[in-house]
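Visitor: Here's a structure for you.
The values are calculated or read from the model by the stated rules, or taken from the named source; none is laboratory data. These numbers were taken from a predicted model, which means no experiment stands behind them. Cβ placement follows ideal geometry from the backbone for every residue including glycine, while neighbour counts extend to all protein chains displayed.
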Amino acid sequence: MSAPKLLAPSYMMQIHRFTNPQLFHDRCGEWLLQSELKNSTMLAVVKILIEGDHPFEPPFYLATIETETGIVGCAVRAPPDSLLLADVPVDAVPLLATDIATVYDSLPSVTGMQIDASTFSKRWQRQRGEHMTTIHWSWYALDKVIAPKNPAPGQLRLADASDLDLIREWAPRFARETNTLFNVIAFYERRVRTGSLYLWIDDEPRSMVAVSAMTQNSIRISGVYTSRDYRRIGYASTAVASVSQLMLDAGHKFCGLFADKADLYANGMYQAIGFEPVFDNVNIRLLE
């Protein structure tokens, strides 16, 4: 674990809050791209807010943390999703927590690097008397696909409106199994509308794989789900490998992906097809 990011006392920190997502991106987009994979979720959320087709509900929180030298951290929230933190200095946490408390009475969760998220969550917990539970994620990147040793039968195709009944059946199961807080049905429906959800078909749909969080050089593989009766046959690994290759062929320099560190099978599956671990972060649930 890296040491907490501290700033010299002479650097006066300020929170700069934005109501316009485009202006926020104009201010800190290049700074976030310096760690593109690590900040891919934040970049993607801001991009979606700019485009306007999203499931989020105001008030949104878009803020930079700055000193006289420039940006030193960012924070974003698009309800009902988690608060996202990017490189927030430890000594900026009290200021940030106080500012966020003027916008939200409570937060469902905080996501970021271990130090960022845990320091903020402990501060927020003291202010609000909430309990915490932590999920640890491993983040992966892939720039070359390793073909599965035993590929599953079938073929990949884009999901369309005719698949929505099945997707709406699978989505709540995915949410329960992954302890996902956000509106999963809305996530998958948007993927269908934007042509970014794929199904692996072997007579019938067996797995689904979404692509999301597109940034300047990357795109994320997400929402991977296989019907319970057809697991550990190779459908998920074959579908993920196929979608990843499609994304590389389309010009993305790499694909990102994250998995619960406790799910050893999923982590092993992703590594077997070429995903390499890059960093870990956490999602800290804040429970009243």
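Visitor: Can you tell me which of (1) closer than 23 Å to residue 53 by Cβ; (2) in contact with a strand residue (DSSP E or B) (Cβ under 6 Å, 6 or more places away or on another chain); (3) of a type in the set (D, E, K, R) is the one residue 189 doesn't meet?
Guide: (2)
Visitor: While we're looking at this one, here's another question. Could you check region 67-82 and list, in sequence order, the residues that are within 22 Å of residue 34 (Cα to Cα), surrounded by 22 or more Cβ atoms within 10 Å (Cβ to Cβ) and either among the aromatic types (Phe, Trp, Tyr) or in contact with a helix residue (DSSP H, G or I) (Cβ under 7 Å, 6 or more places away or on another chain) (or both)?
Guide: Residues satisfying the conditions are 73, 74, 75, 76.
Visitor: Is there any pair linking a residue in region 144-168 that is on the phi < 0 side of the Ramachandran plot to one that is basic (Lys, Arg), with Cβ under 9 Å and at least six apart or on different chains, and which?
Guide: Within 9 Å, the pairs are 152/206; 159/191; 161/193; 167/191.
Visitor: Of all residues being at pLDDT below 95 and not basic (Lys, Arg) in region 190-212, which is nearest to the chain's Cα centre (by Cα)? Just the residue, please.
Guide: Result: 212.
Visitor: Being on the phi < 0 side of the Ramachandran plot, outside any helix (DSSP H, G or I) and buried (at least 22 other Cβ atoms within 10 Å of the Cβ), is that true of even one residue in region 175-197?
Guide: Taking region 175-197 first, the residues on the phi < 0 side of the Ramachandran plot are 175-178, 180-194, 196-197.
In the following step, the residues that additionally are outside any helix (DSSP H, G or I) were identified as 180-183, 194, 196-197.
Retained after the next criterion (residues that are buried (at least 22 other Cβ atoms within 10 Å of the Cβ)): 197.
Within region 175-197, one or more residues are on the phi < 0 side of the Ramachandran plot, outside any helix (DSSP H, G or I) and buried (at least 22 other Cβ atoms within 10 Å of the Cβ).
Visitor: Does residue 110 satisfy the condition of being over 19 Å from residue 219 (Cα atoms), touching a residue at least 60 places away in the same chain (Cβ under 8 Å), among the β-branched types (Val, Ile, Thr) and touching a strand residue (DSSP E or B) at 6+ places or on another chain (Cβ under 9 Å)? Even if it seems obvious, please write down each step before you answer.
Guide: On the way: over 19 Å from residue 219 (Cα atoms): yes; touching a residue at least 60 places away in the same chain (Cβ under 8 Å): yes; among the β-branched types (Val, Ile, Thr): yes; touching a strand residue (DSSP E or B) at 6+ places or on another chain (Cβ under 9 Å): yes.
Yes, satisfied.
Visitor: How many residues, within region 244-286, are aliphatic (A, V, I, L, M) and in a helix (DSSP H, G or I)?
Guide: Within region 244-286, the subset aliphatic (A, V, I, L, M) is 246-248, 250, 257, 259, 262, 264, 266, 269, 272-273, 278, 282, 284, 286.
Cutting the leftovers down to in a helix (DSSP H, G or I) gives us 246-248, 264, 266, 269, 272.
Total meeting the criteria: 7.
Visitor: Would it be correct to say that residue 215 is crowded, with 18+ Cβ neighbours inside 10 Å, under 18 Å from the mean Cα position of the chain (by Cα) and in a loop (DSSP other than H, G, I, E, B)? Even if it seems obvious, please write down each step before you answer.
Guide: Working: crowded, with 18+ Cβ neighbours inside 10 Å: yes; under 18 Å from the mean Cα position of the chain (by Cα): yes; in a loop (DSSP other than H, G, I, E, B): yes.
Taking the combined requirement at face value, the residue satisfies it.
Visitor: Within region 45-66, does at least one residue satisfy the condition of being of a type in the set (Phe, Trp, Tyr), touching a Leu at 6+ places or on another chain (Cβ under 6 Å) and either free of Cβ contacts under 8 Å to residues at least 24 places away in the same chain or surrounded by 17 or more Cβ atoms within 10 Å (Cβ to Cβ) (or both)?
Guide: Filtering region 45-66 for residues of a type in the set (Phe, Trp, Tyr) gives 56, 60-61.
Among the residues that remain, those that are also touching a Leu at 6+ places or on another chain (Cβ under 6 Å) are: none.
No, the conditions are met nowhere in region 45-66.
Visitor: Identify the residue in region 128-145 that is out of contact with any strand residue (DSSP E or B) (no Cβ under 8 Å at 6 or more places or on another chain) and exposed (fewer than 13 other Cβ atoms within 10 Å of the Cβ) and, among all such residues, is nearest to residue 77 (Cα to Cα). Working first, answer last.
Guide: Of region 128-145, the ones out of contact with any strand residue (DSSP E or B) (no Cβ under 8 Å at 6 or more places or on another chain) are 129, 144-145.
This time we only want the ones that are exposed (fewer than 13 other Cβ atoms within 10 Å of the Cβ), so: 129, 144.
Values: 129: 21, 144: 33 Å.
Ranking the qualifying residues of region 128-145, first place goes to 129.
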